[in-house]
1. Going through the range 281-306 one residue at a time, which ones are within 13 Å of the ligand (Cβ to nearest atom) and touching an Asp or Glu at 6+ places or on another chain (Cβ under 7 Å)?
2. Could you tell me whether any residue of the range 440-461 is in contact (Cβ under 8 Å) with a residue 12 or more places away in the chain and under 22 Å from Leu222 (Cβ atoms)?
3. Is it the case, given these coordinates, that Val211 is of a type outside the set (D, E, K, R) and either within 19 Å of the chain's Cα centre (by Cα) or within 10 Å of the ligand (Cβ to nearest atom) (or both)?
4. Can you tell me which of Glu176, Glu135 is charged (D, E, K, R) and within 9 Å of the ligand (Cβ to nearest atom)?
5. With the requirement that a residue be of a type outside the set (Gly, Ala, Ser) and within 15 Å of the ligand (Cβ to nearest atom), what does the range 239-257 give you?
6. Which of (1) touching a residue at least 40 places away in the same chain (Cβ under 8 Å); (2) farther than 21 Å from Gly437 by Cα does Asp76 not meet, given it meets every other one?
7. How do the pairs read when you match residues in the range 234-249 that are closer than 15 Å to Val414 by Cβ and open to solvent by 30 Å² or more (accessible area, probe 1.4 Å) with residues anywhere that are more than 11 Å from the ligand (Cβ to nearest atom) and not hydroxyl-bearing (Ser, Thr, Tyr), using Cβ under 7 Å and keeping only pairs 6 or more apart or on different chains?
8. Somewhere in the range 144-167, is a residue β-branched (Val, Ile, Thr), over 27 Å from Phe275 (Cα atoms) and surrounded by fewer than 23 Cβ atoms within 10 Å (Cβ to Cβ)?
Amino acid sequence: METKQPKKIIPKKTPIPEQDPAVRRTNFEEVALGYSSEQAVLEASRCMQCKKPLCVTGCPVGVPIPRFIKAVHDRDFGKAIEIIKEANLLPAVCGRVCPQESQCEKLCTLSKKFEPVAIGRLERFVADWERQQGEGKPPVVPAASGRKIAIVGSGPSGLTCAYDLAKLGYEVTIYEALHEAGGVLIYGIPEFRLPKAIVAREIDLLKRMGVTIVTNAVIGKLITIDELRERFDAVYIGTGAGLPRFMGIPGENLNGVYSANEFLTRINLMRAYRFPEYDTPVKKGESVVVVGGGNVAMDSARTALRLGAKDVTLVYRRSLTELPARKEEVHHAIEEGINLELCTNPVRILGTADGQVSAVECVRMDLCELDESGRKKPKPMEGSEFQVPADVVIIAVGTGANPLIAQSARDLTVTKHKYIVADEETGKTSLRGVYAGGDIVTGAATVISAMGAGRKAAKAIHEFVTVTSRLPAK
Ligand code: FAD
């Protein structure tokens, strides 16, 4: 590969300033504080400006990474944000929550010998810089084509699909079941990782491009997919995978046991993090046990800590190596004092006579054989049972697809778990003119993969609508 070698490579990423762990565990303010201009320019100087940039191939929405980093290096931050927005409506979100270590940064040429360029931190810097300048410039939208597209779900997938279609001159309407747009970005990911105001601002840009967002609109109940199809030229379904899943162990119906979804929704959407301004009904535990090892489990544990818990224990059945949460979040959780009970699985939840949760009984797991995915398969170790006291238990072992849309659109092909079957490259479903993508197709995944699916579907919808418009009228 042809690369331009800088004179001297700085081996490590420029560190990002953060709130002190002892302070931040008591507040909901952002953990990472972002680069200053000087730090951003220094970090940008580490980019080798590869002629064939592999980092871009690792980004599901194809952000022109070396180009925007060059603009940062040249201190042309306005140009940098314009370049990012060619591909990404949500740079301030992606710069904060994307798992760059397994995407763009994993493929950075520098990472063969040194730490990769901190692409995520630079993306965040550019987006934050733009916010400090004022309300930001939406991309130029062409004259309305008269073609209408409906999008179901306002998570990152639906928002991205809307963005690309609006840029092509479509009249886009997003239908959202909740009273606020943003999907998991608003109701799931906590304020200390992704401030709500930042998400709202990026969504506002979409509104300024002419996209209509209808909230409190449950598609499948209020309007069916068939009805949308009659009113619109095409439909995109990006309804996510927000159906809570439990473990099926005894005691899950005790008071004080939450699904992570319910717990985080109460904190985020019902603003429990702004207590006492908002008096949200949510139990604040002293000893909290969280079950699971993904981002959702980490977010629940760190949120419980900030609500005032004295002890928060995360129970995960595999080892630290397999913990699926973003590395940075695991590091932050440990710094903040979350206890990790690794290679451990809950077997039952114990309660008091009046039905309140009191402890979780766990068993140690032996990681011996490999399972189908090539990971070590946890096996309970006989006689290793022990109890962790708890007055709140949060189950974060994954989510499933909400079956509502599938139930109301009978000809839509879904899997046995009710995920929509859609073409990976186009999002095309079994219904003509109906496309789908994001978690409702893949199962719980990442913000950027959901956005990537939205982009691919927008392109396919454009092709579909323009081809249909050329067909003779029936
Ligand atoms: P969603 O974000 O789930 O949005 C779907 C939207 O559709 C929702 O607003 C929902 O209300 C709406 N909807 C559902 N049914 C209907 C209906 N019938 N009618 C109308 N609207 C409907 N990913 C990362 O990359 N990094 C992270 O750090 C990270 N952390 C996470 C933390 C938590 C707590 C959670 C829950 C997830 C996290 N994820 C993370 C995963 C990521 O957020 C999801 O993969 C992503 O949001 C999926 O996007 P989506 O657009 O497919 O669906």
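The values are calculated or read from the model by the stated rules, or taken from the named source; none is laboratory data. These numbers come from a predicted model, not from an experiment. All Cβ positions, even for glycine, are placed from backbone atoms using ideal geometry, and neighbour counts span all protein chains on display. Surface accessibility is based on the protein's heavy atoms, side chains included, excluding ligands, DNA and RNA. Shrake-Rupley method; radii C 1.70, N 1.55, O 1.52, S 1.80 Å.
1. Asn295, Met298, Arg302
2. Step one: of the range 440-461, the residues in contact (Cβ under 8 Å) with a residue 12 or more places away in the chain are 440-444, 446-461.
Still in the running and under 22 Å from Leu222 (Cβ atoms): 440.
Yes, the conditions are met somewhere in the range 440-461.
3. Numbers: of a type outside the set (D, E, K, R): yes; either within 19 Å of the chain's Cα centre (by Cα) or within 10 Å of the ligand (Cβ to nearest atom) (or both): no.
The answer is no for Val211.
4. Numbers: Glu135 fails: within 9 Å of the ligand (Cβ to nearest atom).
Of Glu176, Glu135, the one residue that is charged (D, E, K, R) and within 9 Å of the ligand (Cβ to nearest atom) is Glu176.
5. Filtering the range 239-257 down to residues of a type outside the set (Gly, Ala, Ser) leaves 239, 243-247, 249-250, 252-255, 257.
Across the range 239-257, the qualifying residues are Thr239, Leu243, Pro244, Arg245.
6. If we test Asp76 against (1) touching a residue at least 40 places away in the same chain (Cβ under 8 Å); (2) farther than 21 Å from Gly437 by Cα, just (1) comes out false.
7. Here the result reads Leu243/Gly400, each pair linking the range 234-249 to a residue that is more than 11 Å from the ligand (Cβ to nearest atom) and not hydroxyl-bearing (Ser, Thr, Tyr).
8. Within the range 144-167, the first condition is being β-branched (Val, Ile, Thr), and the residues that meet it are 149, 151-152, 160.
Within this subset, residues satisfying the condition of being over 27 Å from Phe275 (Cα atoms) are 149, 151-152, 160.
Remaining after also requiring surrounded by fewer than 23 Cβ atoms within 10 Å (Cβ to Cβ): none.
No, there is no match, as no residue in the range 144-167 is β-branched (Val, Ile, Thr), over 27 Å from Phe275 (Cα atoms) and surrounded by fewer than 23 Cβ atoms within 10 Å (Cβ to Cβ).
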